[in-house]
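Notes to accompany the following structure.
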Amino acid sequence: RIEDAFSAAYLLALTAQVQAELGRAGREAAARGKRLSTLSINTELRFESAEQRAEFARALQSAVVGVVGRYASPYTRADGTAGAGRPYRLVLGCYPIPPQPDATPGETL
């Protein structure tokens, strides 16, 4: 178990979990002749400083918690049993894009 949610090792562990779960869910959906419902968001952005990146992380976390709170059903009931509806996993990751092999000298991670 990786405790540092801001580490590359944690993000890699999450991506491995996503890959395993998505593969299993895809196989199960195909076996039932169903389409697997997913959502993907991919974007590139830049930060000019560590402070700007940290501020972005705080704002993003707050926004995601707010949206989840408004639109998702409770994951568990008060008695600890599973909540109503189908469970979904939301994973957001942000990492420095490695420079391309032909990148301009001086570009760094």
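The values are calculated or read from the model by the stated rules, or taken from the named source; none is laboratory data. Predicted model only: the values in this text are computed from it and were never measured. Please note: Cβ atoms are built from the backbone with ideal geometry, for glycine as well, and neighbour counts cover all protein chains shown. Only protein heavy atoms, including side chains, enter the accessible area calculation; ligands, DNA and RNA are left aside. Shrake-Rupley method; radii C 1.70, N 1.55, O 1.52, S 1.80 Å.
Going by what's in this entry, would Glu44 be described as more than 19 Å from Ala57 (Cα to Cα) and touching a residue at least 24 places away in the same chain (Cβ under 8 Å)?
Details: more than 19 Å from Ala57 (Cα to Cα): no; touching a residue at least 24 places away in the same chain (Cβ under 8 Å): yes.
No; evaluated as a whole, the condition is false for this residue.
Listed here are the residues, each with its yes/no results for (1) hydroxyl-bearing (Ser, Thr, Tyr); (2) modelled with pLDDT under 90; (3) in contact with a helix residue (DSSP H, G or I) (Cβ under 8 Å, 6 or more places away or on another chain).
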{"site": "Asp4", "(1), (2), (3)": "no, yes, yes"}
{"site": "Ala20", "(1), (2), (3)": "no, no, no"}
{"site": "Gly23", "(1), (2), (3)": "no, no, no"}
{"site": "Glu55", "(1), (2), (3)": "no, no, no"}
{"site": "Val68", "(1), (2), (3)": "no, no, no"}
{"site": "Arg77", "(1), (2), (3)": "no, no, no"}
{"site": "Gly83", "(1), (2), (3)": "no, no, no"}
{"site": "Pro98", "(1), (2), (3)": "no, yes, no"}
{"site": "Pro105", "(1), (2), (3)": "no, yes, no"}
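Restricting attention to region 18-50, and to residues there that are part of a helix (DSSP H, G or I) and open to solvent by 70 Å² or more (accessible area, probe 1.4 Å), which single residue is farthest from Leu92 (Cα to Cα)?
Ala31
Against the condition among the hydrophobic types (A, V, I, L, M, F, W, C) and either free of Cβ contacts under 8 Å to residues at least 24 places away in the same chain or more than 18 Å from Ala5 (Cα to Cα) (or both), how does Ala31 come out, does it pass?
Numbers: among the hydrophobic types (A, V, I, L, M, F, W, C): yes; either free of Cβ contacts under 8 Å to residues at least 24 places away in the same chain or more than 18 Å from Ala5 (Cα to Cα) (or both): yes.
Yes: the conditions hold for Ala31.
Would you mind telling me which numbered condition in (1) part of a loop (DSSP other than H, G, I, E, B); (2) touching an Asp or Glu at 6+ places or on another chain (Cβ under 8 Å) Tyr10 fails?
Failing condition for Tyr10: (1).
Those residues that are over 13 Å from the mean Cα position of the chain (by Cα) and among the aliphatic types (A, V, I, L, M), I need them from region 23-52; list them, please. Before you say what the answer is, go through the steps one by one.
Of region 23-52, the ones over 13 Å from the mean Cα position of the chain (by Cα) are 23-37, 44-52.
Result: Ala25, Ala29, Ala30, Ala31, Leu36, Leu45, Ala50.
Return the residue satisfying two criteria in turn: it lies in region 62-95 and is among the basic types (Lys, Arg) and in a loop (DSSP other than H, G, I, E, B), and of such residues it is nearest to Leu39 (Cα to Cα).
We begin by selecting, within region 62-95, every residue among the basic types (Lys, Arg); these are 70, 77, 86, 89.
Cutting the leftovers down to in a loop (DSSP other than H, G, I, E, B) gives us 77, 86, 89.
Values: Arg77: 25, Arg86: 15, Arg89: 10 Å.
Per the stated criteria, the residue is Arg89.
Looking only at residues in region 1-16 that are closer than 26 Å to Gly85 by Cα and in contact (Cβ under 8 Å) with a residue 24 or more places away in the chain, which one is least open to solvent (accessible area, probe 1.4 Å)?
Per the stated criteria, the residue is Leu14.
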